[in-house]
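The values are calculated or read from the model by the stated rules, or taken from the named source; none is laboratory data. Quick caveat, the model's predicted, so the values are computed rather than measured. Ideal geometry is used to build each Cβ from the backbone, glycine not excepted, and the neighbour counts take in all protein chains shown.
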Amino acid sequence: MAALTDLTLAQMKAGLAAKQFSARELVQEHIEAVEAARVLNAWLVETPEIALSQADAADRALAAGEAGLLAGIPLGIKDLFCTKGVETTASSKILKGFKPTYESTVTEKLFGAGAAMLGKLNLDEFAMGSSNETSAYGPVISPWRANGSEQPLVPGGSSGGSSAAVAARLCAAATGTDTGGSIRQPAAFTGIAGIKPTYGRCSRWGVIAFASSLDQPGVLARDVTDCALVLEAMSGYDPKDSTSLNAPVPHYAGGLGGDLRGKRIGIPKEYRVDGMDADLEALWRKGVDWAKEAGAEIVEVSLPHTREALPTYYIVAPAEASSNLARYDGVRYGLRVAPEGGSLADMYAATRAEGFGAEVKRRIMIGTYVLSAGYYDAYYLKAQKVRALISRDFAQAFEACDLLLTPTAPTGAFGLGAKTADPIAMYLNDVFTVPASLAGLPAMSIPAGLTSDGLPLGLQLIGRPLDEMGVLDAAFALERRAGFAAAPSRWW
Amino acid sequence: MAVDESMVARVAGLARLQLAAAEVEPLTRELNNILGWIDQLQAVDTGTVEPMTAVIPLTREWRKDEVTDGDIQQDVLANAPQSAHGFFAVPKVIE
């Protein structure tokens, strides 16, 4: 039999149901894979005891015929989700040693469905980054390498630990959060699938806040079916999150058919940017052909304010971050640096200077500036107006089509350190993912092809509000035709 | 709109971020790069547009105004760098 770590989540479920292996065996094999892959630096905390005890509970539930949707499935949890009694740092020094006394709604739902937590996954500090290089605990190394090269590559970000762990077969799926592309871009970089649902679909309660009007939990997994299974378990109304949507959650995996007859798929012309990578352009055209084969009608649509999405995002997100991160002041949790004989204000300033990394400080500074007296109207209010236009663009496009098909990221994965010196070059990674985030729409990346260097490229599907089912189903249709089977060959 | 070093120092004060003298000049340069790039938004005509305040319009449900949580003093203080007599402790603020 093949290694249990090579199975997809759906195959694991089938194997557990057929008693081909126990949840304990499945989880144990993953624990060993995690230990053997420490060079990737994907995990900040490993929790094998918790995973095994959850596996044993799943085995009992399976034997009793009471197994939940994810019984015995080994998951990785992005370290932005608070987990009771398990260190949660958001990859920041300022939260070193923080052990939440409560569980996030999403992880509670996943554990309630029987999942086992292998550990907490590395990310960009407070999810601010596109390469996982801003983590205070070191970058994550992608399991992928370009053909004939040993150069370390980034796994994307901010959910870089999640993408690396899933791609390296260390866990069946991983939670992620997406503020401007932090699930979709890392999924694309590592040849896996990832979905960010509609803003409000998954509760933000217990998720460490970055930009509250954009943050949305989601999932990274090997394929569309696996994403559908985990998304169903983690979605749903939560009175503890004031922006949670009270809407029924469909049985996503059961709704996957891949028949796109009667569906219109829009191709936004503004996403054809100058100097687009030739491999990527060719792949996008293939995606159009696959959609046609599946029965979809292709229509060209326009999203006129696409170009303004990134600058809008880099006002709104830092503004919200500067407000959210005001809570890290050395009083209630985390790091405290109190200069000898200093005042309370000195303690705040010294704690924050010592606890935050360069990118987080940069964004707090931008956010504070755009919200400050005299600049609020010119920047923040202006950005909220442009955001309304971006959202209106999507609403108008969805009068002519049911879904949008675009590339996920402008390039494949780049080398470690290649973009750290230029913040704007780094921000441009999210050019195709940020617009859907600003509009709060469900969007998904699927692995669809390889660059000439042998690195994964992703295609993105964007849907109407609450139409995760439509997004997943179209992704399922494309996935079958793309037949993406490449996986990183193990060097670690 | 360019920022100068005194503006950067002022914003750092508002943000309660201690900056070393050597950090001010490079941060000023970086912020000006980013703000210069963001400035392209000024060209967008937003004359009659209302600012977006919610992604999905939703009406909140009302609940009874009653206590649903509490009596968790130990939990609240569990991660405090310093606490005393059931309170968070901070450096003296009153002379």
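The set of residues in region B:7-58 that are of a type in the set (Val, Ile, Thr), more than 8 Å from chain A (Cβ to nearest Cβ) and without any contact (Cβ under 8 Å) to a residue 24 or more places away in the chain comprises B:24, B:48. Scanning region A:335-354 for residues that are touching a helix residue (DSSP H, G or I) at 6+ places or on another chain (Cβ under 6 Å) and more than 7 Å from chain B (Cβ to nearest Cβ) yields A:335, A:337, A:339. Those helices (runs of 4 or more DSSP H) of region A:347-458 in which at least 1 residues are surrounded by fewer than 21 Cβ atoms within 10 Å (Cβ to Cβ), considering only elements entirely within it, cover A:358-371, A:382-400, A:423-427. In the set (1) more than 26 Å from residue A:99 (Cβ to Cβ); (2) touching an Asp or Glu at 6+ places or on another chain (Cβ under 7 Å); (3) without any contact (Cβ under 8 Å) to a residue 24 or more places away in the chain, the condition left unmet by residue A:372 is number (2).
Hey, among the residues in region B:4-49 that are among the acidic types (Asp, Glu) and surrounded by fewer than 16 Cβ atoms within 10 Å (Cβ to Cβ), which one's farthest from residue A:351 (Cα to Cα)? Per the stated criteria, the residue is B:45. One residue stands out among those in region A:283-299 that are of a type in the set (D, E, K, R) and part of a helix (DSSP H, G or I): the one that is nearest to residue A:406 (Cα to Cα), which is A:285.
The residues on offer are A:173, A:146, A:165, and the sole one that is modelled with pLDDT of 95 or more, within 24 Å of residue A:238 (Cβ to Cβ) and not hydroxyl-bearing (Ser, Thr, Tyr) is A:173.
More than 23 Å from the chain's Cα centre (by Cα) and within 14 Å of another protein chain (Cβ to nearest Cβ): which single residue out of A:428, A:381, A:466, A:441 fits that description?
So the residue among A:428, A:381, A:466, A:441 that is more than 23 Å from the chain's Cα centre (by Cα) and within 14 Å of another protein chain (Cβ to nearest Cβ) is A:381.
Considering region A:163-205, the residues that are among the hydroxyl-bearing types (Ser, Thr, Tyr) and in contact with a helix residue (DSSP H, G or I) (Cβ under 7 Å, 6 or more places away or on another chain) include one that is farthest from residue A:78 (Cα to Cα), namely A:198. Of B:40, B:73, B:18, all but one fail to be of a type outside the set (Ser, Thr, Tyr) and either over 30 Å from residue A:214 (Cβ atoms) or touching a Phe, Trp or Tyr at 6+ places or on another chain (Cβ under 8 Å) (or both); the exception is B:73. Do we have any residue at all in region A:303-325 that's without any contact (Cβ under 8 Å) to a residue 24 or more places away in the chain and either away from chain B (no Cβ under 12 Å) or under 27 Å from residue A:205 (Cα atoms) (or both)? No, region A:303-325 contains no residue that is without any contact (Cβ under 8 Å) to a residue 24 or more places away in the chain and either away from chain B (no Cβ under 12 Å) or under 27 Å from residue A:205 (Cα atoms) (or both).
Hey, does region A:218-241 have a residue that's under 23 Å from residue A:44 (Cα atoms), outside any loop (DSSP other than H, G, I, E, B) and either among the acidic types (Asp, Glu) or touching an Asp or Glu at 6+ places or on another chain (Cβ under 9 Å) (or both)? The answer is yes, given that some residue of region A:218-241 is under 23 Å from residue A:44 (Cα atoms), outside any loop (DSSP other than H, G, I, E, B) and either among the acidic types (Asp, Glu) or touching an Asp or Glu at 6+ places or on another chain (Cβ under 9 Å) (or both). Has region A:475-492 got at least one residue that is under 29 Å from residue A:128 (Cα atoms), touching a Lys or Arg at 6+ places or on another chain (Cβ under 6 Å) and not in a helix (DSSP H, G or I)? Within region A:475-492, none of the residues are under 29 Å from residue A:128 (Cα atoms), touching a Lys or Arg at 6+ places or on another chain (Cβ under 6 Å) and not in a helix (DSSP H, G or I).
Any residue in region A:101-113 that is over 27 Å from residue A:56 (Cβ atoms) and either within 14 Å of chain B (Cβ to nearest Cβ) or modelled with pLDDT of 95 or more (or both)? Looking for residues that are over 27 Å from residue A:56 (Cβ atoms) and either within 14 Å of chain B (Cβ to nearest Cβ) or modelled with pLDDT of 95 or more (or both), one finds none in region A:101-113, hence no. Scanning region B:60-77 for residues that are at the interface with chain A (Cβ under 10 Å from one of its Cβ atoms) and either assigned to a loop (DSSP other than H, G, I, E, B) or modelled with pLDDT under 90 (or both) turns up B:60, B:61, B:63, B:68, B:69, B:72.
Here's the yes/no breakdown for (1) modelled with pLDDT under 95; (2) touching a Lys or Arg at 6+ places or on another chain (Cβ under 8 Å); (3) within 25 Å of residue B:69 (Cα to Cα):
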| residue | (1), (2), (3) |
| --- | --- |
| A:211 | no, no, no |
| A:235 | no, yes, yes |
| A:246 | yes, no, yes |
| A:251 | no, no, no |
